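Worksheet for the structure shown next.
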Amino acid sequence: MATTIPHGAHTEDDEALMLAVVRELVRQRVAPRAAEIDESGEFPMDLKQLFAENDLLGIPIPTEYGGLGGSFLTYVKVVEEIAKACATSSLIVAVQELGMLPILIGGSEEQKRRYLPKLASGEWMCAYALTESTSGSDAAGSMRTRAERRGDSYVLDGTKIWITHGSIADVICVFAVTDPSQGPRGISAFIVEKGSEGFQVGKKERKMGIRGSPTVELHFNNCVVPAANLLGAEGEGFKIAMKVLDKSRPGIAAQALGIAAGALDYATEYAKERVAFGKPIGQHQGVGFMLADMKTEVEAARLLLYEAARRCDTNDPEVTLWAALAKLKCGDVAMAVTTDAVQVLGGFGYSAEYPVERMMRDAKITQIYEGTQQIQRLVIARNLVGKGGKGTTA
Ligand code: CAA
């Protein structure tokens, strides 16, 4: 079933139509697979194919580059809908976006035309490789991966860790130091194709949640990359990386919100059915008030997220702040609401027979990746009061 959304159209009607299609796909194809994907830890290639066939992998990518030309707002709503049932599956859409954004933001016309259509159609998968063992939060200051210009090529050396979809990506946007004397201004961004000489996929992580999503190490040993694959100019890599996160963090916020909303729905239905002391547990104030708080938090988080997405659409100058606000709120709401959903279900909530324990495990990562909650607070605080001198990042 392919969406009937015309490319380039993004009216409210188009969005409503698209979301209706997505809800149906989720109901029929994604929700029934969620527990098994978590159990097996295998990437659901069939669902990636399903999303590709329904044009969900390049929603905010302009039509001239093969995308749907939709809005970021529509994009986050789609991620949210999928995450209500399966966090791993929602990440397929979100990480494809994350991997494409460096090219959309920093790429030349030629690079955009070469890569974006195949990524938007899902023919190729992509990944974003910033993190290293010594540089997670301090992404610029502690980066060790080096890139050295040699003739018409750059030679990359180093290891990236925690790279979502790294093992299944055809194209990876990699950040590396080209001039160590320049700090963040000495970092450059490169498009590395799978199969490049000196490129190797390393260890796959065993994780608490999002278990169907492969997270791997990537090794670059004298890895040769054509100079034509440099994104922007030398030294522009860190700014590209940060601008990407401004637009991708709302995608993770949407994943978090979806997980929370899915858990709230499940706990609410359970509380209507489960009887204790002669009436449904939801009608006991202890549980009813928990559900009321969960609902309030989910709706508050949703408003914040949609506002951040609108600001992505208008390239608002405060998008960095709003992306951080949305990621912070939605991640914390996901953790709190899924934990409470487990509580509402009691012993059943703790059992893998019911989905809320998976949702609680999946929620945790949304407080960690694409910038921890501490980094979001740092970004927000800097926005309010400035950065200050050395030592203020701790
Ligand atoms: N847009 C444009 N430029 C930006 C920017 C932004 N949002 N943020 C920073 N910059 C620029 C600054 O203006 C500065 O430029 P100048 O040198 O010209 O002044 C330069 O970048 C350095 O900025 P800072 O001094 O603020 O840098 P910092 O070292 O203090 O750190 C930070 C900034 C916000 C802490 C950043 O390092 C950060 O976001 N860390 C977290 C990293 C992160 O989110 N990693 C996630 C990995 S991806 C992932 O998790 C994906 C997945 O698996 C799904």
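The values are calculated or read from the model by the stated rules, or taken from the named source; none is laboratory data. Everything numeric here is computed off the predicted structure, so don't read it as measured data. Glycine also receives a Cβ, built like all others from the backbone with ideal geometry; neighbour counts cover every protein chain displayed. For the accessible areas, the whole protein counts, side chains as well, though only heavy atoms, and no ligand, DNA or RNA atoms are used. Shrake-Rupley method; radii C 1.70, N 1.55, O 1.52, S 1.80 Å.
May I ask you to list the trypsin sites (Lys or Arg not before Pro) in the range 190-250 that are in a DSSP loop and have at most 10 other Cβ atoms within 10 Å of their Cβ?
206
Residue 153's amide H: which non-local residues (gap 5+, or another chain) put their own amide H closer than 5 Å, with H modeled 1.01 Å from N in plane and none for Pro or chain starts?
It is 227, by chain and number.
Let me know the charge dipole size of the chain about its Cα centre in debye, to the nearest 20, where only the beta-carbon of Lys, Arg (+1) and Asp, Glu (-1) is charged. Kindly include the intermediate steps, with their values, before the conclusion.
Working: 43 positive and 49 negative charges, 193 e Å.
Using only the charged Cβ atoms, the result is roughly 920 debye.
So what is the relative contact order for the range 299-375, in percent, with contacts set as C-alpha pairs under 8 Å and at least six apart?
Result for the range 299-375 is 27 percent.
How much area per residue is accessible in the range 285-394 when the probe is 1.4 Å and only protein heavy atoms are counted (Å²)?
50
Pick out, from 345, 254, 280, the residue whose Cα sits farthest towards the positive end of the charge dipole of the range 239-385, with +1 on the Cβ of Lys and Arg and -1 on the Cβ of Asp and Glu.
254
Kindly give Rg over Rh for the range 1-112, based on alpha-carbon atoms, with the Kirkwood expression for the hydrodynamic radius. Mind dumping the intermediate values first?
Numbers: Rg = 14.1 Å, Rh = 14.4 Å.
Here Rg/Rh amounts to 0.98.
At a Förster distance of 30 Å, what's the computed FRET efficiency of residue 222 paired with residue 185, Cβ-Cβ distance as r, to 0.05?
About 0.75, to the nearest 0.05.
Quick one: divide the alpha-carbon radius of gyration of the range 127-235 by 2.2 N^0.38 Å and tell me what you get. Write out the running numbers ahead of the final one.
Details: Rg = 13.4 Å, N = 109, 2.2 N^0.38 = 13.1 Å.
Scaled against compact globular proteins, the figure is 1.02.
Across 5 Å bins from the origin, how do the percents of Cα pairs in the range 239-385 run, short distances first?
Final binned percentages: 2, 11, 19, 19, 16, 11, 9, 6, 4, 2, 1, 0, 0.
Quote to one decimal, in nm, the extra length available between residue 352 and residue 208 on full extension: 0.36 nm per residue of separation minus the C-alpha distance between them.
Once the chain is fully extended between residue 352 and residue 208, it gains 50.5 nm.
Summing Lys, Arg as +1 and Asp, Glu as -1, what charge do residues with Cβ under 12 Å from the Cβ of residue 117 carry, residue 117 excluded?
Cβ neighbours under 12 Å give a net charge of +2.
When the helices in the chain are scored as -39500 (n - 2.57) per DSSP H run of 4 or longer and the sum is shared across all residues, what 222 nm value do you end up with, to the nearest 500 deg cm²/dmol? Display every interim value, and only then the final one.
On the way: 11 runs with 192 residues, N = 394.
Helix-only estimate at 222 nm: -16500 deg cm²/dmol.
Rg to Rh for the chain: what is it, with Cα atoms only and Rh by Kirkwood?
My calculation of the ratio gives 0.98.
How large a share of the accessible area of the chain, in percent, is made up of carbon and sulfur atoms when the probe is 1.4 Å and the other protein chains stay in place?
52
Would you work out the relative contact order for the range 1-152, in percent, from Cα pairs under 8 angstrom that are 6 or more residues apart?
Relative contact order for the range 1-152 comes out at 23 percent.
Give the residue list of GluC sites (Glu not before Pro) in the range 170-207 that are DSSP loop and have at most 16 other beta-carbon atoms within 10 angstrom. Provide the component values of the computation, followed by the final result.
Values: sites: 193, 197, 205; in loops: 197, 205.
Those that pass, being in a loop and sparsely packed, are 197, 205.
Run the numbers on the range 239-385 and let me know its relative contact order in percent, using alpha-carbon pairs under 8 Å that are six or more apart.
Working: 189 pairs, mean separation 47.6, N = 147.
Across the range 239-385, relative contact order equals 32 percent.
Would you work out which of 108, 93, 61 lies farthest towards the positive end of the dipole of the range 12-125? Charges go on Cβ: Lys and Arg +1, Asp and Glu -1.
Working it through, the farthest residue towards the positive pole turns out to be 108.
Probe of 1.4 angstrom, ligands and nucleic acids ignored: what's the accessible area per residue over the range 83-225, in square angstrom?
That works out to 38 Å² for each residue.
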